[in-house]
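What follows is a short report on a single structure.
The values are calculated or read from the model by the stated rules, or taken from the named source; none is laboratory data. Predicted model, so just to flag it, every value in this text is computed and none were measured. For neighbour counting, all protein chains shown are included, and Cβ atoms are generated from backbone atoms with ideal geometry for every residue, glycine included. Surface areas here come from the heavy atoms of the whole protein model, side chains and all, with no ligands, DNA or RNA. Shrake-Rupley method; radii C 1.70, N 1.55, O 1.52, S 1.80 Å.
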Amino acid sequence: MAIQPFHLAFPVDDLDASRRFYGDILGCPEGRSSDHWIDFDLFGHQIVAHLAPGRSGRQASNAVDGDDVPVPHFGVVLNMTDFDALAARLKAAGVRFIIEPHIRFAGRPGEQATMFFLDPSGNALEFKAFADIGRLFAKQ
């Protein structure tokens, strides 16, 4: 299945901190930028950090399989190898996890690896992986 890249624009408090986090820690190549925004390539998807001090990091949460999941959040579904490599890179960089990397819905149709963390502006990100990507939309 060929997937089209998505585009997501989100608020940040500090472009330099965002550049370090998304570029250096997450490994997202930088695209176009200005004094007010930066394009990043997030695993083939276009995300844009827009300077909007005080507008980021406002969250609610929902219970999901025993975890308190921040809402809103965004991220990418990776393969297990890339998920494990990213988790190791985040740990090495000292990123604090809201929800540590672990397996959610173990033994059920939606079984997946997941992890949650915040960017420097408080925006929540989730990265996940499935042993069988065909189970991405499996019903519980």
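Only one of the numbered conditions (1) under 16 Å from residue 124 (Cβ atoms); (2) aromatic (Phe, Trp, Tyr); (3) free of Cβ contacts under 8 Å to residues at least 24 places away in the same chain is violated by residue 40, and that is (1).
Of the residues in region 100-118, none is closer than 17 Å to residue 9 by Cβ and either open to solvent by less than 20 Å² (accessible area, probe 1.4 Å) or in a strand (DSSP E or B) (or both). Return the residues of region 30-58 that are assigned to a loop (DSSP other than H, G, I, E, B), open to solvent by less than 80 Å² (accessible area, probe 1.4 Å) and either within 29 Å of residue 104 (Cβ to Cβ) or among the hydroxyl-bearing types (Ser, Thr, Tyr) (or both); say none if nothing qualifies. Listed by number, the residues that qualify are 34, 44, 56, 57. Quick check on region 79-93. Is at least one of its residues aromatic (Phe, Trp, Tyr) and within 16 Å of the chain's Cα centre (by Cα)? Yes - at least one qualifying residue is present in region 79-93. With respect to (1) surrounded by 14 or more Cβ atoms within 10 Å (Cβ to Cβ); (2) in contact with a strand residue (DSSP E or B) (Cβ under 6 Å, 6 or more places away or on another chain), the lone exception for residue 6 is condition (1). Looking at region 59-75, which of the residues that are hydrophobic (A, V, I, L, M, F, W, C) and out of contact with any Asp or Glu (no Cβ under 9 Å at 6 or more places or on another chain) is surrounded by the most Cβ atoms within 10 Å (Cβ to Cβ)? Only one residue fits best here, namely 64. Residues of region 86-110 that are modelled with pLDDT of 95 or more and under 20 Å from residue 136 (Cβ atoms): 86, 87, 99, 101, 102, 103.
Take the conditions more than 25 Å from residue 135 (Cβ to Cβ) and out of contact with any His (no Cβ under 7 Å at 6 or more places or on another chain) and apply them to residue 23. Does it pass? Yes, satisfied. Give region 78-89 a look and list any residue that's in contact with a Lys or Arg (Cβ under 9 Å, 6 or more places away or on another chain) and either closer than 15 Å to residue 120 by Cα or surrounded by fewer than 16 Cβ atoms within 10 Å (Cβ to Cβ) (or both), or say none. Once the filter is applied, which keeps residues that are in contact with a Lys or Arg (Cβ under 9 Å, 6 or more places away or on another chain) and either closer than 15 Å to residue 120 by Cα or surrounded by fewer than 16 Cβ atoms within 10 Å (Cβ to Cβ) (or both), region 78-89 yields nothing.
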